[in-house]
């Protein structure tokens with residue numbers, strides 16, 4: 001089913017929760033509404049389900065306006081954030097409920113068959129007689145999903161369905177839910193504030209902020225070509241550097257910033273010389289092993305902080321004017337701090353280069369960098385990095 | 001929920017309240033200010049010139065203050081113990097001490113008179129111990145019976161305060177107290193500076209209820225022949241209401257005073273209700289007592305319980321005694337009174353009448369209560385808070401005032417002439433019972449609805465279930481325990497209702513239990529014994545209902561008695 005939102009406005013007293021949102025969600029698409037809390041994404045979902053009515057604008061299902069249709073006649077299947085399993089009914093009765101309402105009643109035998117099949121698909125068939133309070137969070141999640149899907153809804157609505165699960169289970173369920181809805185070919189609208197969830201599961205995604213749509217696109221679009229600073233920062237995070245376009249040469253744009261000149265590959269020539277812009281540079285685009293590559297976009301700053309994240313290490317680099325760039329390096333074998341890996345990255349630290357990085361060794365007096373933990377380097381440690389011109393995103397200044 | 005539905009329900013409830021709550025009150029007030037078809041204050045000036053009425057008001061006030069004081073002294077320590085400590089026997093003791101609430105003080109008066117009277121148990125004990133001779137027998141009821149009335153009412157009303165206090169204390173997040181202790185504030189200081197301020201709104205809610213109740217109590221003073229209180233003066237005034245408008249003014253004074261106390265309570269304490277950031281979890285917050293301290297806690301509960309049921313033990317003994325005069329226990333036992341009671345024209349019909357009135361009132365309350373609670377909790381109506389307040393108002397208006405209003409509005413020539421209770425009080429009695437107990441059912445239903453997440457209902461609608469069916473299949477089953485508890489309370493209180501019953505039932509064929517009890521008690525000779533037998537039956541009946549209710553609601557029972 002196609003879901004079409006046309007200029008939807010919703011106010012709660014003085015607060016505008018949704019401010020003129022228009023979206024086209026295609027049949028069979030896995031569509032995400034993504035945004036920080038309070039951006040209006042849950043309100044939008046509840047309007048599609050019919051639990052609240054837009055003040056302005058229209059909602060169309062396959063071209064038919066449904067604004068005045070009450071929730072029970074919309075044929076959507078919703079998974080609630082708290083699952084909303086009825087505590088007085090068993091797992092089986094919870095799932096079967098939707099097949100016992102007017103218009104969807106079916107013979108008991110068929111009902112048993114459909115519920116059984118759905119529970120099987122969820123690996124829940126052994127727990128059919130249990131009451132929800134005797135299920136784990138993940139199991140409750142599956143029951144909620146089964147309950148929403150067993151009625152063959154025209155559209156599946158999910159309201160932060162994974163937010164109550166632990167991190168490991170969340171990753172598993174991402175894959176499972178995506179596989180399931182793609183298998184069924186059902187139009188799915190999924191609300192979340194977790195950008196990783198959205199990037200990994202969505203066909204397309206709408207980024208919302210303060211009731212407005214900031215950008216709609218595939219995960220790759222959003223990540224690689226964010227429409228504005230908010231999207232760039234919200235999806236994956238970015239170093240946002242204000243600057244001014246100096247020149248446009250051969251598909252490259254030269255941008256002057258407070259700590260040096262940047263070169264960006266700009267195939268569209270979107271900005272004219274003199275334009276005020278903001279550069280968005282992903283932390284992982286900063287290469288701290290600066291020995292290779294050209295001299296383009298090569299900068300030096302002071303390493304002020306290294307944060308050990310397990311699979312990656314984040315480094316904070318203070319530039320000459322005080323601006324702090326964040327760099328993210330991932331991969332095995334990063335021992336707490338990038339400087340040691342290739343050695344030469346630390347200018348003025350020949351003693352360390354190639355050194356065995358022994359804490360307490362005489363060679364490293366100036367570099368607390370070696371201690372191996374997330375230590376705070378002295379302000380004097382200089383570090384160089386460079387960024388590929390393909391990875392410099394030029395955005396309009398706001 | 002859809003606004004149109006909510007508005008319809010709210011309008012229906014408000015118009016019922018308007019007709020059977022505000023209208024009779026307004027008529028009464030108007031009658032107090034209109035004399036010879038002119039607006040005047042002459043009735044009030046007559047009233048306040050009469051020392052008899054002034055004395056009645058002062059007595060009522062004193063009775064309320066003393067009763068409330070006694071109640072707080074009895075119930076607050078018990079509540080602290082129950083909410084914070086575990087000890088042997090606690091689970092059934094905490095249930096038992098609620099028992100007096102459903103034993104009408106009205107009936108207990110028979111027992112108290114038997115125990116404290118000049119030929120009663122206490123004097124008999126003293127004589128048996130050779131401390132006294134019969135000629136020196138003391139009337140322990142006291143002159144004017146003031147203290148007998150106050151003690152009897154306190155022994156009846158303390159459970160209401162206790163329940164409020166327990167609920168308030170259980171609601172205090174234990175980490176707040178732990179935080180105080182962590183900063184070096186413990187024991188009595190911690191109680192005074194942290195716990196007490198936090199539970200104050202709950203205590204005050206219970207206290208106001210007890211205060212207004214004892215201020216306007218009719219049955220107990222009547223049974224003790226303590227006639228110089230306003231309630232009894234109003235009751236006696238109904239007989240010649242056509243001749244003298246003074247009772248109207250008395251009622252207005254009582255209404256204003258009660259509403260004043262209620263408003264004062266709301267102003268001073270109602271608003272400062274503190275939101276707990278985390279709800280108190282009962283797990284881990286109680287401390288196990290053992291040895292002498294457990295014994296002391298047990299003893300305190302046991303003493304209060306024994307004191308409270310003493311009057312009713314008196315009633316039970318009376319009902320089985322052939323003669324009980326100048327002896328510690330009855331000198332001869334018999335079942336004669338039960339046999340006679342069965343044959344008496346007042347008893348069986350009155351039981352049937354009471355059940356009939358109370359069941360219908362309970363049914364009406366359940367329907368209205370659920371509808372109102374759904375609007376209050378689930379709708380987005382702007383003035384749903386006002387609706388809530390209006391529905392709770394009958395709690396603040398004394399039964400005697402409302403009953404008087406019903407009599408006023410059904411006087412010849414008025415709109416509800418057809419309901420005049422001198423012919424047939426059935427409709428008015430059911431309405432009176434229903435209106436007065438509606439707040440309990442609403443509170444119970446609201447508490448239930450607030451506990452279940454709205455998304456449980458939304459999930460049903462999302463799967464195609466129409467709203468009315470959703471209420472039937474999801475909402476009602478989930479709040480059924482609350483509804484049963486609220487319904488049982490409404491029922492048992494209707495069975496016990498004294499002031500409405502005494503004032504409205506004027507023909508023997510329509511007497512409910514309480515009126516029959518009072519009439520029997522007045523009969524010379526075997527009257528008090530028959531009344532005792534009937535009282536025992538009603539006690540049994542109501543005791544079972546309350547135990548059921550307590551089982552269903554647990555600690556949440558207190559929420560029902562909140563103003």
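No value in this document is a laboratory result; all are computed from the given coordinates. All of these numbers come straight from a predicted model, not from anything done at the bench. Note that each Cβ is placed from the backbone with ideal geometry, even for glycine, and that neighbours are counted across all protein chains shown.
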Segment B:450-509 and segment A:180-230 have their Cα centres apart by a whole-number Å value of 45 Å
Computed over chain B, the relative contact order (Cα-Cα under 8 Å, seq sep at least six) in percent reads 23 percent
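What percent do you get for the relative contact order of segment A:3-232 when only Cα pairs under 8 Å and 6+ apart count?
29 percent
Mind checking Rg over Rh on segment B:379-504, alpha carbons, Kirkwood formula for Rh? Before the final figure, lay out the partial values.
Working: Rg = 18.4 Å, Rh = 16.8 Å.
When Rh is taken as the Kirkwood radius, the ratio is 1.09.
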By the gyration tensor of its Cα atoms, with a ≥ b ≥ c the square roots of the eigenvalues, what is the shape of segment B:14-132: rounded for a/c under 1.5, prolate for a/b over b/c, or oblate? oblate
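Neighbouring Cβ atoms within 10 Å as the yardstick, rank B:90, B:30 fewest first. Write out the running numbers ahead of the final one.
Values: B:90 18, B:30 13.
Least crowded to most crowded, the residues run B:30, B:90.
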Separation of segment A:22-53 and segment B:126-163 by C-alpha centroid, Å? 71 Å
Measuring from the longest principal axis of the C-alpha atoms of chain A, the long axis of helix A:137-149 (C-alpha) lies at a number of degrees, nearest 10, equal to 50 degrees
Kirkwood estimate for the protein assembly as shown, i.e. one over the average of 1/r between Cα atoms, Å: 34.2 Å
Expressed as an acute angle from 0 to 90° and rounded to the nearest 10, what is the orientation of the C-alpha long axis of helix A:108-121 relative to the principal long axis of chain A? 10 degrees
If neighbour count is taken as other Cβ atoms inside 10 Å, put B:515, A:182 in order from fewest to most. A:182, B:515
Run the Debye formula on the Cα coordinates of segment B:335-563, all scatterers equal and no solvent, and tell me log10 I(q)/I(0) at q = 0.07, 0.14 1/Å. -0.27, -0.92
Given the C-alpha centroids of segment B:332-395 and segment A:250-279, what is the distance between them in whole angstrom? 80 Å
Take the Cα radius of gyration of chain B and divide it by 2.2 N^0.38 Å, with N its residue count; two decimals is plenty. 1.00
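Name the shape class, rounded, prolate or oblate, that the alpha-carbon gyration tensor gives for segment B:1-80, where a ≥ b ≥ c are the square roots of its eigenvalues, rounded holds for a/c under 1.5, and otherwise prolate holds if a/b is larger than b/c and oblate otherwise.
Numbers: a/c = 5.78, a/b = 1.10, b/c = 5.23.
In terms of gyration-tensor shape, oblate.
To the nearest µm²/s, what D does Stokes-Einstein give for segment A:80-233 at 37 °C and 0.692 mPa s, using the Kirkwood radius over alpha carbon pairs as Rh? Spell out each step's value before the answer.
Details: Rh = 16.9 Å.
After rounding, the answer is 195 µm²/s.
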Sum -39500 (n - 2.57) across every DSSP H segment of at least 4 residues in the protein assembly as shown, then divide by the residue count to get the 222 nm mean residue ellipticity, nearest 500. -15500 deg cm²/dmol
Residue A:304 versus residue A:270, label points 7 Å from Cα toward the beta carbon: distance in nm? 2.9 nm
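Translational diffusion coefficient, Stokes-Einstein: compute it for chain A using the Kirkwood radius over C-alpha pairs as Rh, at 25 °C and 0.890 mPa s, and state it as an integer in µm² s⁻¹. Mind dumping the intermediate values first?
Numbers: Rh = 24.2 Å.
Estimated via Stokes-Einstein, D reaches 101 µm²/s.
Going by the alpha-carbon gyration tensor, a ≥ b ≥ c the square roots of its eigenvalues, is segment A:1-138 rounded (a/c under 1.5) or, if a/c is not under 1.5, prolate (a/b greater than b/c) versus oblate?
Details: a/c = 2.33, a/b = 1.79, b/c = 1.30.
Prolate.
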